[in-house]
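A.B. asks: Quick one: this structure, given as structure tokens, is what I'll be asking you about.
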Amino acid sequence: MKAVIRKGSILLLAFWTFICISNMVVFGEDGGNHNLLANGSFESVNGTIPEHWSVINRDWNIGIHAAEEAAYTGTYGIVIATETSNKPWVMQQVPVEAGATYEVTSRYKSVQIQGNAGYKIEFYDKETDGELVGQSFPYIDSSMHDGQWHAFSYEVEAPPDAAYMAVYTRLYGKGRVYFDDVSVVKTKDPVELAMKSIYTDHTFYYPDLNEARVDVLLEPLDGSYSDKSIHMQMTNDSGDILFDTTTEAVPHWTQAFDPTLMETGSAYTLSLNLLQAGQSIEQQTKTIYRWERPAQLPDNGLVLVDGEPFYPVIGYHVTVQDYPYMDEIGVNTVQGIHTSDEGTMRTNLDAAHTNGLKVFVPLYLNMKVKENFEVTRHMVTTFKDHPAVLGWMIMDEPTYNGVEQQELLDAYKLIRTIDPLHPTYMVENIFEAYPSTGQATDILVTDQYPFNTKHGEMEPISTVTDSVNQAIAAVNGDKPVWTVLQTFRFPNSDVWDYLPTIEQVRNMAYQAILAGSKGIAYYSVNDPGWKLRESVLWQGLMQFAEEQQLIGRLVTEGHRIAESDSPVAPWGIWELDGEQYAVAVNISAQEQSVLLPLPQAGNKIETLYGGGTAACPVWTWENEAHFQLGMEQAIVYRITPFSSIVNAAEEQLQAMHDELDNRYWMARTALLIRQLEKLGGYLEGLEPEYDKAGREAAKALHLLSGLQDWVNKQGDDALNGKRHELLQAIAAIKEEVVPLARVY
């Protein structure tokens, strides 16, 4: 029987066909891709609450709800409105395929907006309590803030570890915006490659590096290695072959090559071919460079200021009004302001210089890199000679913010081409990304904040040590690593509502230095709802500023002579100005016993910081010292070898010898000098002659007492008015020598 279709039915069918097609999203040749979001049109509602969507603070209210006024198609769209700049959002999480490409689209309309709007995209390795493995903030162009409906789309590739993507529609500012017909569609499958990754130990090889390697992780699509080989060439811009080799294919293929073949300032291409029976079945390339180190960072150690080693203590989010107070907490460097305005930047740099502060200049306005290349070019060109500039910040947490490595590498080339003097600085908060980010900057900076409840309980404080160790390994020890410390609390946050104590900040700082960090930063001085100067931590940081000065001297002037990377209580000993300083840190949750092997036997040991109430110095002939550290305790000791004490006393006597033109004085001080020389001889080495040293110390005390008695009997005129001065000097020498005799 034939179907009979009336004219009206045809019109109705055409109408519904149009509606269905207008709401379908089909990409790809197979036509199988579809909107991964449920209720992306916001048509399914419970009252004014759209189903399947989450909202900031779990609070659907008059500012955030489904409404007819927000509809581009159908009956409902989503309204997001605020007058408090609290960055409100609605969000939905969907499963994704690692390595696949997705397009996020929507219709958007603004109503009297101040600020911006857009998406926030987050990738996680699992659905519940997953680790963040990637993030991006695509903003809507300001030209779309005209009260009209616009289409807004953004394409993003899921990171290698991604399993879920959270899609936020968000208002960054004040006002009222509408979103409708939001979709997430896979536009490209992951590329199926046999060479899964190609990694060189650097991208920019400094001239002092004379070894290099390339690593390839290989998984042939047919699973066979026996019939395959890898051919590698290195060529210059002219196509000249500098290196050529072919070896058998293995799952992890490593090849060393000579970077000294490359000329400074030039680019080179590494070509890798996977061969099967001598025929190429896959080819990949990577560009590498021979590049000078920045002149202010001549090696992988300390940045220079006016030719002298500089230990930075950096403050984040510091306003110009705060600049005069930074020296109270030992901050000597600040993160500069985010601006594209030359006048505003100059005013900021001038204010920093007036207050004795150095500046790392951020170049990632609106958390973007390539979009700011022209701003970067202008700012670096204009301010590279400003006395306040210490370096350039390429990006903050690039992996977390979804910025590809190539953007970072291009920014690095741009900056360093203009400014050969100042280093670049970049913070990375994801361990796995340290190698990638570290290749695109001169200074790699870690910012692991253990005091959070992302996973229900605080992370171990030892996370700081782990991050520095991994960062140093990621840059092969060829670049300096710095560390940002947690000095904030966000009272309205479910995750960050804890302020570290000053003891915990000290612990993290000493962890970083022991692990090899060359600089420290505080995050943060200001944030929405947070002011460090109004917190209890400020007073603690003021006291810690004195310790920071010592840390700075140990890092810039000291020489580390012993260390331990114990997983529960690392320690280190530095030599500085004839004395030694030991730092021991408990990074465990239990009390720990620490054994410090001392460089010599015979020492005066004083607790400088972190030991609680003042303790008397310990005088010991032992060449080791035992200490107990409480949970998260960090202690600094000053160790003065007996031999140094005697040498100092001898130098003081030498200076006193010519103070009086008196035969008795000159004879007795000369005798004392010879006596101290004899005493010092018995204190040398790891096995001093205790008995002889003790006896000589007792003789020296006897001579000092006799000289003291003689001075007491003389009139002040006979002593050229120096009676009080001489008695003070003799008493000070006796104070140092007496314990040597007592120890004996």
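The values are calculated or read from the model by the stated rules, or taken from the named source; none is laboratory data. Because the structure is a prediction, the values reported are computed rather than measured. Virtual Cβ from ideal backbone geometry, glycine too; neighbours counted across all protein chains shown. We work out accessible area using only protein heavy atoms, side chains counted, and drop any ligands, DNA or RNA first. Shrake-Rupley method; radii C 1.70, N 1.55, O 1.52, S 1.80 Å.
A.B. asks: How charged is the neighbourhood of Pro309? Take every other residue with its Cβ under 14 Å from the Cβ of Pro309, and add Lys/Arg as +1 and Asp/Glu as -1. Show your work: numbers first, answer last.
C.D. replies: On the way: positive: Lys358, Lys518, Arg553; negative: Asp299, Asp306, Glu308, Glu557.
Once positives and negatives cancel, what remains is -1.
A.B. asks: List the GluC sites (Glu not before Pro) within region 73-151 that fall in a DSSP loop (any state other than H, G, I, E or B) and whose Cβ has at most 10 other Cβ atoms within 10 Å. Intermediate values should be presented prior to the final figure.
C.D. replies: On the way: sites: Glu83, Glu97, Glu103, Glu122, Glu127, Glu131; in loops: Glu83, Glu97, Glu127, Glu131.
Counting only loop positions with at most 10 other Cβ atoms within 10 Å, the GluC sites (Glu not before Pro) in region 73-151 are Glu83.
A.B. asks: Please identify every one of the GluC sites (Glu not before Pro) in region 604-695 that sits in a loop by DSSP and has no more than 16 other beta carbons within 10 Å of its own beta carbon.
C.D. replies: On the way: sites: Glu606, Glu622, Glu624, Glu632, Glu650, Glu651, Glu659, Glu677, Glu684, Glu689; in loops: Glu622, Glu632, Glu659, Glu684, Glu689.
Sparse-neighbourhood loop GluC sites (Glu not before Pro): Glu622, Glu659, Glu684, Glu689.
A.B. asks: Just tell me which lysines come within less than 20 Å, Cα to Cα, of Lys722; anything on the same chain fewer than 8 places away is out.
C.D. replies: Excluding near neighbours in sequence, the set is Lys713, Lys734.
A.B. asks: Residue by residue through region 233-245, what is 3J(HN,Hα) from phi via Karplus (6.51 cos²θ - 1.76 cosθ + 1.60, θ = phi - 60°)? Round to whole Hz and write x for glycine and proline.
C.D. replies: 10, 10, 10, 8, 4, 8, x, 5, 8, 9, 8, 8, 7
A.B. asks: So, one more: Rounded to the nearest percent, how much of the accessible area of region 73-150 (1.4 Å probe, protein heavy atoms only) is carbon and sulfur? Each step should come with its number before you reach the end.
C.D. replies: Numbers: 1390 of 3340 Å².
Using a 1.4 Å probe with all protein chains present, region 73-150 comes out at 42 percent carbon and sulfur.
A.B. asks: Next question. If the viscosity is 1.002 mPa s and the temperature 20 °C, what Stokes-Einstein diffusion coefficient in µm²/s follows for region 59-198 when Rh is the Kirkwood radius over Cα pairs? Don't skip to the end; give the middle numbers.
C.D. replies: Working: Rh = 15.9 Å.
D = 135 µm²/s.
A.B. asks: Still on this structure, I have one more. Once you have a ≥ b ≥ c as the square roots of the Cα gyration tensor eigenvalues for region 324-407, tell me rounded if a/c is under 1.5, and otherwise prolate or oblate according to whether a/b is larger than b/c. Numbers along the way, then the final one.
C.D. replies: Numbers: a/c = 2.52, a/b = 1.53, b/c = 1.65.
Oblate.
A.B. asks: Given a Förster distance of 45 Å, report the FRET efficiency between Arg695 and Glu328 from their Cβ-Cβ distance, rounded to the nearest 0.05.
C.D. replies: Numbers: r = 51 Å, r/R0 = 1.14.
E between Arg695 and Glu328, to the nearest 0.05, is 0.30.
A.B. asks: Can I ask one more? Taking loop as defined by DSSP and a crowding limit of 15 other beta carbons within 10 Å, which trypsin sites (Lys or Arg not before Pro) in region 45-133 fit? All intermediate terms of the calculation are to be shown ahead of the outcome.
C.D. replies: Working: sites: Arg58, Arg107, Lys109, Lys120, Lys126; in loops: Lys126.
Answer in residue order: Lys126.
A.B. asks: Evaluate region 189-332: find the radius of gyration of its Cα atoms, find its Kirkwood radius, and give the ratio Rg to Rh. Write out the running numbers ahead of the final one.
C.D. replies: Values: Rg = 22.1 Å, Rh = 18.5 Å.
Rg divided by Rh gives 1.19.
A.B. asks: Among the listed pairs Lys87/Lys358; Lys196/Lys228; Lys186/Lys413, which have their C-alpha atoms separated by more than 26 angstrom in this model?
C.D. replies: Pairs exceeding 26 Å: Lys87/Lys358; Lys186/Lys413.
A.B. asks: Would you kindly find the accessible area of Ser588, with a 1.4 Å probe and non-protein molecules such as ligands, DNA and RNA excluded, rounding to the nearest 10 Å²?
C.D. replies: The accessible area comes out at roughly 20 Å².
A.B. asks: How much accessible area per residue does region 23-139 have, counting only protein heavy atoms and a probe of 1.4 Å, in square angstrom?
C.D. replies: Working: 5700 Å² over 117 residues.
Using a 1.4 Å probe on heavy atoms only, each residue of region 23-139 averages 49 Å².
A.B. asks: For Ser143, what accessible area in Å² do you get when you roll a 1.4 Å probe over the heavy atoms of the protein chains, rounding to the nearest 10?
C.D. replies: The accessible area comes out at roughly 80 Å².
A.B. asks: Let me ask you something else. Could you tell me what percent of the accessible area of region 246-355 is made up of carbon and sulfur, with a 1.4 Å probe and every protein chain present? Don't skip to the end; give the middle numbers.
C.D. replies: On the way: 2360 of 5070 Å².
Taking all protein chains in place, region 246-355 shows 47 percent carbon and sulfur surface.
A.B. asks: I would also like to ask the following. By how many degrees, 0 to 90 and rounded to 10, does the Cα axis of helix 373-383 deviate from the longest principal axis of the chain?
C.D. replies: 30
A.B. asks: Using unit Cβ charges (K, R positive; D, E negative) and no other charged atoms, how large, in debye to the nearest 20, is the dipole of region 627-666 about its Cα centre?
C.D. replies: On the way: 2 positive and 6 negative charges, 38 e Å.
That gives region 627-666 a dipole magnitude of about 180 debye.
A.B. asks: Which percent of the Cα-Cα distances in region 608-700 go past 16 Å?
C.D. replies: Working: 2755 of 4278 pairs.
Roughly 64 percent, once rounded to a whole number.
A.B. asks: Taking R0 as 35 Å, what FRET efficiency do you get between Lys413 and Glu219 from their Cβ-Cβ distance, rounded to the nearest 0.05? Don't jump to the answer; show the numbers that get you there.
C.D. replies: Working: r = 32 Å, r/R0 = 0.91.
After rounding, the FRET efficiency stands at 0.65.
A.B. asks: Please work out the average accessible area per residue across region 325-389, using the 1.4 Å probe convention, and give it in Å². Before the final figure, lay out the partial values.
C.D. replies: Details: 2780 Å² over 65 residues.
Heavy-atom accessible area per residue stands at 43 Å².
A.B. asks: Right, another one. Nearest 10 degrees, 0 to 90: what angle lies between the long axis of helix 7-23 and the longest principal axis of the chain (Cα atoms)?
C.D. replies: Tilt relative to the chain: about 10 degrees.
A.B. asks: Right, another one. Along each principal axis of its Cα atoms, how long is region 527-657 end to end? Whole angstroms, biggest number first, please.
C.D. replies: On the principal axes, region 527-657 reaches 63, 35, 28 Å in Cα extent.
A.B. asks: What is the ratio of the Cα radius of gyration of region 341-460 to 2.2 N^0.38 Å, where N is its residue count, to two decimals?
C.D. replies: Relative to the 2.2 N^0.38 Å estimate, region 341-460 comes out at 1.15.
A.B. asks: Still on this model: Report, to two decimal places, the Cα Rg of region 274-387 normalised by 2.2 N^0.38 Å (N = number of residues).
C.D. replies: Numbers: Rg = 20.0 Å, N = 114, 2.2 N^0.38 = 13.3 Å.
Ratio of Rg to 2.2 N^0.38 Å for region 274-387: 1.51.
A.B. asks: Roughly speaking, to the nearest percent, how much of region 647-744's 1.4 Å accessible area is carbon and sulfur? Display every interim value, and only then the final one.
C.D. replies: On the way: 2500 of 5520 Å².
Using a 1.4 Å probe with all protein chains present, region 647-744 comes out at 45 percent carbon and sulfur.
A.B. asks: Measure nothing fancy, just the Cα-based angle from helix 642-657's long axis to the longest principal axis of the chain, in degrees from 0 to 90, nearest 10.
C.D. replies: Roughly 60 degrees, rounded to the nearest 10.
A.B. asks: Moving on. What does the accessible area per residue of region 648-730 come to in Å², with a 1.4 Å probe and no ligands, DNA or RNA counted?
C.D. replies: Values: 4700 Å² over 83 residues.
Accessible surface, normalised per residue, equals 57 Å².
A.B. asks: Over the alpha carbons of region 146-230, what is the largest minus smallest coordinate on each principal axis, giving the biggest first in Å?
C.D. replies: Each principal axis gives a Cα extent; for region 146-230 these are 61, 42, 19 Å.
A.B. asks: Which value, in debye to the nearest 20, gives the size of the charge dipole of the chain about its Cα centre, when Lys and Arg are +1 and Asp and Glu are -1 at the Cβ? Let's see the in-between values first.
C.D. replies: Working: 51 positive and 100 negative charges, 266 e Å.
Charge dipole of the chain: 1280 debye, to the nearest 20.
A.B. asks: Any idea what the relative contact order of region 505-596 is, in percent, if you count C-alpha pairs under 8 Å spaced at least 6 apart? Don't jump to the answer; show the numbers that get you there.
C.D. replies: Values: 87 pairs, mean separation 21.6, N = 92.
This gives 24 percent for region 505-596.
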